[in-house]
1. In debye to the nearest 20, how big a dipole does segment 12-70 give about its Cα centre with +1 on each Lys and Arg Cβ and -1 on each Asp and Glu Cβ?
2. Leaving out ligands and nucleic acids, and using a 1.4 Å probe, what accessible area per residue does segment 1-135 come to in Å²?
3. Could you tally the net charge around SER152, taking each other residue with its Cβ under 13 Å from the Cβ of SER152, Lys/Arg +1 and Asp/Glu -1?
4. Determine the dipole magnitude for segment 66-124: charges of +1 sit on the beta-carbon of Lys and Arg, -1 on that of Asp and Glu, nothing else is charged, the reference point is the Cα centre, and the result goes in debye to the nearest 20.
5. If DNA, RNA and ligands are ignored and the probe is 1.4 Å, what is the ranking of MET19, MET116 by accessible area, most exposed first?
6. For LYS165, put the label point 7 Å out on the Cα→Cβ axis and report which residues of segment 2-17 keep their amide N under 15 Å from it.
7. Counting Lys +1, Arg +1, Asp -1, Glu -1, what net charge surrounds VAL74 among other residues with beta carbon under 13 Å of its beta carbon?
8. Is there a quick way to get the dipole size of segment 107-169? I mean about its Cα centre, with the Cβ of Lys and Arg at +1 and of Asp and Glu at -1; what is the value in debye to the nearest 20?
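The values are calculated or read from the model by the stated rules, or taken from the named source; none is laboratory data. None of the values given here were measured: they were computed from a predicted structure. Cβ: placed from backbone, ideal geometry, glycine included. Neighbour counts: every protein chain shown. All accessible areas refer to the heavy atoms of the entire protein, side chains included, with ligands and DNA or RNA removed. Shrake-Rupley method; radii C 1.70, N 1.55, O 1.52, S 1.80 Å.
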Amino acid sequence: IVIKNANLSIVVTDPSQSMDVIASMAEGMGGFVVNSNLYKMTTSSGMEVPTANITVRVPADKLETALDQIKDMVENPQVDILSEDVSGQDVTGEVTDLESRLRNLLAAEEQLLQIMEEARRSEDVLAIFRELTSVREQIEVIQGQIKYYRESASLSAIYVNLQAKEAVEPITIGRWQPGVEVQKAIQALLNGGKYIVNAL
(Lines give C-alpha, C1' and ligand atoms only; values in the text may rest on other atoms or scores of the structure.)
Protein backbone atom coordinates (compact mmCIF):
# COMPACT_ATOMS: atom_id res chain seq x y z
CA ILE A 1 0.00 0.00 0.00
CA VAL A 2 1.87 3.05 -1.29
CA ILE A 3 0.72 6.66 -1.01
CA LYS A 4 1.99 8.66 -4.00
CA ASN A 5 1.84 12.46 -4.14
CA ALA A 6 3.34 15.05 -6.47
CA ASN A 7 4.40 18.70 -6.36
CA LEU A 8 4.76 20.68 -9.56
CA SER A 9 5.65 24.31 -10.26
CA ILE A 10 5.17 25.56 -13.81
CA VAL A 11 5.04 28.76 -15.85
CA VAL A 12 1.95 29.33 -18.01
CA THR A 13 0.44 32.15 -20.03
CA ASP A 14 -2.79 32.37 -18.00
CA PRO A 15 -2.69 30.82 -14.45
CA SER A 16 -6.45 31.25 -13.97
CA GLN A 17 -7.34 29.41 -17.17
CA SER A 18 -4.73 26.71 -16.50
CA MET A 19 -6.15 26.18 -13.01
CA ASP A 20 -9.61 25.59 -14.51
CA VAL A 21 -8.14 23.12 -17.03
CA ILE A 22 -6.42 21.16 -14.25
CA ALA A 23 -9.65 21.06 -12.22
CA SER A 24 -11.61 19.75 -15.22
CA MET A 25 -8.89 17.17 -15.93
CA ALA A 26 -8.99 15.85 -12.35
CA GLU A 27 -12.78 15.57 -12.36
CA GLY A 28 -12.69 13.89 -15.77
CA MET A 29 -10.35 11.25 -14.34
CA GLY A 30 -12.70 10.53 -11.47
CA GLY A 31 -10.88 12.77 -9.00
CA PHE A 32 -11.70 16.11 -7.42
CA VAL A 33 -10.32 19.51 -6.41
CA VAL A 34 -9.10 19.71 -2.80
CA ASN A 35 -8.49 23.46 -2.84
CA SER A 36 -7.56 26.27 -5.23
CA ASN A 37 -6.31 29.79 -4.81
CA LEU A 38 -5.86 32.66 -7.30
CA TYR A 39 -4.07 35.84 -6.27
CA LYS A 40 -1.79 38.57 -7.61
CA MET A 41 1.89 39.11 -6.93
CA THR A 42 4.03 42.15 -7.70
CA THR A 43 7.22 41.69 -9.71
CA SER A 44 10.46 43.57 -9.05
CA SER A 45 9.45 45.98 -11.82
CA GLY A 46 6.22 46.82 -10.00
CA MET A 47 3.91 44.91 -12.36
CA GLU A 48 1.03 42.87 -10.89
CA VAL A 49 0.74 39.37 -12.32
CA PRO A 50 -1.66 36.52 -11.48
CA THR A 51 -0.46 33.44 -9.61
CA ALA A 52 -2.46 30.33 -8.76
CA ASN A 53 -2.20 27.25 -6.56
CA ILE A 54 -4.38 24.19 -6.93
CA THR A 55 -4.41 20.80 -5.22
CA VAL A 56 -6.29 17.94 -6.84
CA ARG A 57 -6.70 14.24 -6.18
CA VAL A 58 -6.71 11.74 -9.02
CA PRO A 59 -6.78 7.92 -9.07
CA ALA A 60 -3.29 6.68 -8.20
CA ASP A 61 -3.01 4.66 -11.41
CA LYS A 62 -3.57 7.88 -13.41
CA LEU A 63 -0.98 10.00 -11.59
CA GLU A 64 1.64 9.85 -14.36
CA THR A 65 -0.98 10.63 -17.02
CA ALA A 66 -2.19 13.61 -15.03
CA LEU A 67 1.35 14.94 -14.56
CA ASP A 68 2.06 14.57 -18.28
CA GLN A 69 -1.11 16.52 -19.14
CA ILE A 70 -0.22 19.31 -16.72
CA LYS A 71 3.33 19.55 -18.09
CA ASP A 72 1.95 19.68 -21.64
CA MET A 73 0.39 23.04 -20.72
CA VAL A 74 3.77 24.82 -20.75
CA GLU A 75 5.33 26.32 -23.89
CA ASN A 76 8.94 25.33 -23.19
CA PRO A 77 9.40 22.33 -20.85
CA GLN A 78 13.13 23.02 -20.35
CA VAL A 79 12.45 26.48 -18.93
CA ASP A 80 8.79 26.58 -17.86
CA ILE A 81 8.82 23.49 -15.62
CA LEU A 82 10.42 25.06 -12.55
CA SER A 83 10.26 22.02 -10.28
CA GLU A 84 8.75 18.55 -10.11
CA ASP A 85 8.74 16.14 -7.21
CA VAL A 86 6.94 12.80 -6.92
CA SER A 87 7.08 11.08 -3.54
CA GLY A 88 5.94 7.65 -2.41
CA GLN A 89 5.26 6.42 1.12
CA ASP A 90 4.88 2.71 1.79
CA VAL A 91 2.29 2.30 4.57
CA THR A 92 1.80 -1.45 4.23
CA GLY A 93 3.35 -2.08 7.66
CA GLU A 94 1.21 0.56 9.36
CA VAL A 95 -2.01 -0.79 7.82
CA THR A 96 -1.11 -4.38 8.72
CA ASP A 97 -0.45 -3.33 12.33
CA LEU A 98 -3.71 -1.39 12.51
CA GLU A 99 -5.70 -4.32 11.10
CA SER A 100 -4.14 -6.63 13.70
CA ARG A 101 -5.06 -4.23 16.52
CA LEU A 102 -8.57 -3.92 15.08
CA ARG A 103 -9.09 -7.69 15.13
CA ASN A 104 -7.98 -7.84 18.79
CA LEU A 105 -10.30 -5.00 19.76
CA LEU A 106 -13.26 -6.57 17.94
CA ALA A 107 -12.59 -9.83 19.78
CA ALA A 108 -12.41 -7.93 23.09
CA GLU A 109 -15.69 -6.17 22.29
CA GLU A 110 -17.40 -9.52 21.67
CA GLN A 111 -16.11 -10.92 24.98
CA LEU A 112 -17.25 -7.83 26.89
CA LEU A 113 -20.74 -8.16 25.40
CA GLN A 114 -20.92 -11.77 26.54
CA ILE A 115 -19.73 -10.84 30.03
CA MET A 116 -22.31 -8.04 30.21
CA GLU A 117 -25.10 -10.46 29.37
CA GLU A 118 -24.06 -12.68 32.29
CA ALA A 119 -23.50 -9.84 34.78
CA ARG A 120 -26.05 -9.53 37.56
CA ARG A 121 -24.89 -6.63 39.73
CA SER A 122 -25.52 -3.11 38.46
CA GLU A 123 -21.98 -1.94 39.37
CA ASP A 124 -20.52 -4.79 37.29
CA VAL A 125 -22.73 -3.82 34.34
CA LEU A 126 -21.62 -0.17 34.61
CA ALA A 127 -17.93 -1.12 34.79
CA ILE A 128 -18.25 -3.40 31.75
CA PHE A 129 -20.21 -0.69 29.91
CA ARG A 130 -17.42 1.86 30.50
CA GLU A 131 -14.81 -0.60 29.25
CA LEU A 132 -16.97 -1.44 26.25
CA THR A 133 -17.35 2.27 25.41
CA SER A 134 -13.56 2.71 25.52
CA VAL A 135 -13.00 -0.29 23.25
CA ARG A 136 -15.57 0.94 20.75
CA GLU A 137 -13.90 4.38 20.64
CA GLN A 138 -10.56 2.72 19.87
CA ILE A 139 -12.21 0.61 17.15
CA GLU A 140 -13.66 3.72 15.48
CA VAL A 141 -10.30 5.55 15.59
CA ILE A 142 -8.43 2.61 14.05
CA GLN A 143 -11.11 2.08 11.39
CA GLY A 144 -10.76 5.77 10.51
CA GLN A 145 -6.96 5.46 10.23
CA ILE A 146 -7.21 2.42 7.97
CA LYS A 147 -9.78 4.19 5.80
CA TYR A 148 -7.51 7.25 5.52
CA TYR A 149 -4.50 5.17 4.45
CA ARG A 150 -6.47 3.21 1.87
CA GLU A 151 -8.16 6.30 0.40
CA SER A 152 -4.81 8.15 0.29
CA ALA A 153 -3.27 5.19 -1.55
CA SER A 154 -6.11 5.00 -4.06
CA LEU A 155 -6.17 8.76 -4.76
CA SER A 156 -2.90 10.62 -5.30
CA ALA A 157 -2.63 14.31 -4.43
CA ILE A 158 -1.09 16.74 -6.92
CA TYR A 159 -0.13 20.23 -5.76
CA VAL A 160 0.48 22.65 -8.64
CA ASN A 161 1.91 26.15 -8.44
CA LEU A 162 1.09 28.20 -11.56
CA GLN A 163 3.14 31.30 -12.31
CA ALA A 164 2.48 33.78 -15.10
CA LYS A 165 5.03 34.25 -17.90
CA GLU A 166 5.50 37.89 -16.93
CA ALA A 167 6.62 36.94 -13.40
CA VAL A 168 9.61 34.93 -14.62
CA GLU A 169 10.29 36.51 -18.02
CA PRO A 170 14.07 36.49 -18.44
CA ILE A 171 16.03 39.66 -19.22
CA THR A 172 17.29 39.63 -22.80
CA ILE A 173 20.61 41.23 -23.81
CA GLY A 174 20.96 40.75 -27.54
CA ARG A 175 20.40 37.01 -27.99
CA TRP A 176 21.63 36.19 -24.50
CA GLN A 177 19.05 35.50 -21.81
CA PRO A 178 20.67 35.55 -18.35
CA GLY A 179 17.53 34.23 -16.66
CA VAL A 180 17.38 31.17 -18.87
CA GLU A 181 21.11 30.54 -18.53
CA VAL A 182 20.91 30.78 -14.74
CA GLN A 183 18.03 28.29 -14.68
CA LYS A 184 20.01 25.89 -16.84
CA ALA A 185 23.10 26.32 -14.66
CA ILE A 186 21.10 25.64 -11.49
CA GLN A 187 19.51 22.54 -13.05
CA ALA A 188 22.96 21.27 -14.10
CA LEU A 189 24.24 21.87 -10.57
CA LEU A 190 21.28 19.97 -9.07
CA ASN A 191 21.77 17.08 -11.50
CA GLY A 192 25.46 16.91 -10.57
CA GLY A 193 24.66 16.96 -6.87
CA LYS A 194 22.06 14.23 -7.35
CA TYR A 195 24.64 12.08 -9.16
CA ILE A 196 27.16 12.51 -6.32
CA VAL A 197 24.54 11.67 -3.66
CA ASN A 198 23.46 8.55 -5.58
CA ALA A 199 27.08 7.48 -5.97
CA LEU A 200 27.72 7.92 -2.24
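1. For this selection, approximately 160 debye.
2. Heavy-atom accessible area per residue stands at 60 Å².
3. +1
4. Result for segment 66-124 is approximately 320 debye, rounded to the nearest 20.
5. These residues rank, largest area first, as MET116, MET19.
6. 11-17
7. Net charge in that neighbourhood comes out at -4.
8. Dipole magnitude for segment 107-169 comes out near 120 debye.
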